Amino acid sequence: MAGSGRTEGKRVEITAVQRFYRYHAYVYDWTRWMILHGRRRAVERLNLPPDGTALEIGCGTGLNFRYLLDRLDPVRGRLVGVDFSPDMLRRAERRVAAHAWSQVELVEADATRLDLGRRFDGVLFAYSLSMIPDFAAALRRAHEHLRPGGRLVVLDFGAFRGWGPLGPLMRAWLRAHHVETLRPYVDALREVCGDIQVQHWLGGYNFTAVGCRSN
């Protein structure tokens, strides 16, 4: 649920994204597989123990749940999916019910004000951080939800630096879909976690950044 302590500009942006997904929730699963690459590899980078707990922030319709649950024991493992779009979460609820995933919990919440009162072995942002206006606050809240030694993994679109004249076109198309590719996400993660590992793919199509909580 959207928090009340934002500036007017941020509130408008978030409302626009919620409105966007009110309609895109119905076609999301049929279209995003074409553009959201590298999700399984990002989950692997979490290095989850079988009896561990995972938190996905911006889980959407739950497209990544199968990858996360493949890494977790079906009895001892736990997964929490967070999203601020009720329409997307309704689709996620249907997915969870269809698969009888009893170890999955869904939470409607704002990533920048998240406070679940518990810590996790791994936290994942998969193509969600670039849609959060105050991404630095979201990273700080995510880090607070990590156990010591837990991993924070961000997978998102890059800046398409190696795409020549197609780069600006890709960035403009994504911006029209409320995705901002030019913010300093990696720098913000480094400020939160210190040393991080970063991998870029396909000329800057996407990046995967991995940080840890030291204490």
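FYI, it's all coordinate maths here, none of it is from the lab. All values reported here derive from a predicted model rather than from experimental measurement. Note: ideal-geometry Cβ built from the backbone for every residue, glycine included; neighbour counts use all protein chains shown.
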A student applying the Cα gyration tensor rule (rounded when a/c is under 1.5; otherwise prolate if a/b is larger than b/c, oblate if not) would label the stretch 68-124 oblate
Pairs of Cα atoms under 8 Å, at least six residues apart: use those to get the relative contact order of the chain, whole percent. 20
Using +1 at the Cβ of each Lys and Arg and -1 at the Cβ of each Asp and Glu in the chain, identify which of Val123, Tyr67, Met34 lies farthest towards the dipole's positive end. Met34
Pick out, from Gly204, Leu174, Leu189, the residue whose Cα sits farthest towards the positive end of the charge dipole of the stretch 170-211, with +1 on the Cβ of Lys and Arg and -1 on the Cβ of Asp and Glu. Leu174
All other residues with a Cβ under 14 Å from the Cβ of Glu105 taken together, and with Lys, Arg as +1 and Asp, Glu as -1, what is their net charge? -1
The chain: calculated mean residue ellipticity at 222 nm from DSSP helix runs of at least 4, using -39500 (n - 2.57): -10500 deg cm²/dmol
Centre separation in Å (Cα based) which lies between the stretch 68-129 and the stretch 149-215: 22
Where Lys and Arg each count +1 and Asp and Glu each count -1, what net charge lies around Phe84 among other residues with Cβ under 9 Å from its Cβ? -3
Working note, the stretch 98-215: Cα radius of gyration (Å, one decimal) and Dmax (Å, whole number) are 15.4, 47
Here the stretch 195-203 yields Karplus 3J(HN,Hα) values (6.51, -1.76, 1.60; θ = phi - 60°; whole Hz; Gly and Pro given as x) of 5, 9, 10, 10, 10, 10, 9, 6, x
Filter the chymotrypsin sites (Phe, Trp or Tyr not before Pro) in the stretch 43-88 down to the DSSP loop ones having no more than 10 other Cβ atoms within 10 Å, then list what survives. none
With unit charges on the beta carbon (Lys/Arg positive, Asp/Glu negative), name the residue among Ala100, Phe84, Leu146 whose Cα is farthest towards the positive pole of the charge dipole of the stretch 8-212. Ala100
By Cβ neighbour count within 10 Å, fewest first, Val104, Val96, Val27, Val123 rank Val27, Val96, Val104, Val123
If one builds a Gaussian network model of the chain from Cα atoms under 10 Å apart, the most fluctuating residue listed among Ala42, Ala16, Ala98 is Ala98
Longest exposed-site-free window of the chain, the sites being trypsin sites (Lys or Arg not before Pro) in a DSSP loop that have at most 14 other C-beta atoms within 10 Å: 119-215
Could you give the dipole magnitude of the chain about its Cα centre, charging the beta-carbon of Lys and Arg +1 and that of Asp and Glu -1, in debye to the nearest 20? 200
